[in-house]
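**Student:** Structure in structure tokens, see below.
Every number here is computed from the coordinates shown, using simple stated rules; none is lab data. Fair warning: this is a prediction, and the values are worked out from it, not measured in the lab. Here the Cβ positions follow ideal geometry from the backbone for every residue, glycine too, while neighbour counts run over all protein chains shown.
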Amino acid sequence: MKINILLSALMFLLLVGCGGKEEKKKEGFSVDRTKTTEKPVETSAATDEVPASQRITLDEKGVGQIKSITLDPEIDMEMASAGETIYNTNCTACHKLDKRFIGPSPRGIMERRSPEWIMNMILDPKLMTEQDRCAKDLLIEFNGAAMANQNLTVEETRSILEYFRTL
């Protein structure tokens, strides 16, 4: 009797454990982790050599309300400190100082872009990505992650620019 119960239990476990040839329906979320080959993003022939984030365009002012700006030779540390606070509050979700993140690092931006371009990009990123070639290329390079308009004033943006001068 004990052997019959034991054999029956064993047969039951074998049948349940094998599950037959029917696939079990999975509920919830699943991820396919197979590798795919990504196609490179197409850019113009002039930009194939240097990514937009590394390209130097100091003579371009961008599109927007800032047409000309004159920077004092000395950095205004009070303004830079205010700019750092604004940057840390509004920008660090997407920009990191020492690495590429959702957006480019601001370190060295003053050696690659004009002050006018930087301020126009901060003040109206949508207009810039619609009408400025470098901003369009940055949007492509950073996988279409558009910069959010932080609705900053010209004064706040100028403070961020002064902070960028300290980096």
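**Student:** Cut-off 16 Å, label point 7 angstrom out along Cα-to-Cβ of Asp98: give me the residues of region 127-167 whose amide nitrogen falls inside.
**Tutor:** 167
**Student:** For Ile56 paired with Gln131, estimate the spin-label separation in nm (one decimal), with each label point 7 Å from Cα along the Cα-to-Cβ line.
**Tutor:** 2.8
**Student:** Calculate the spin-label point distance for Asp72 paired with Leu167, positioning each point 7 Å from the Cα along the beta-carbon direction, and give it in nanometres.
**Tutor:** According to this spin-label approximation, the distance is 2.2 nm.
**Student:** Do the alpha carbons of any pairs in Lys67/Lys99; Lys61/Lys126; Lys67/Lys126 sit beyond 21 Å of each other, and which pairs?
**Tutor:** Too far apart for the 21 Å limit: Lys67/Lys99.
**Student:** Where Lys and Arg each count +1 and Asp and Glu each count -1, what net charge lies around Val63 among other residues with Cβ under 15 Å from its Cβ?
**Tutor:** On the way: positive: Lys61, Lys67, Arg113, Lys126, Arg133, Lys136; negative: Asp59, Glu60, Glu116, Asp124, Glu130, Asp132, Asp137.
With Lys, Arg at +1 and Asp, Glu at -1, the net is -1.
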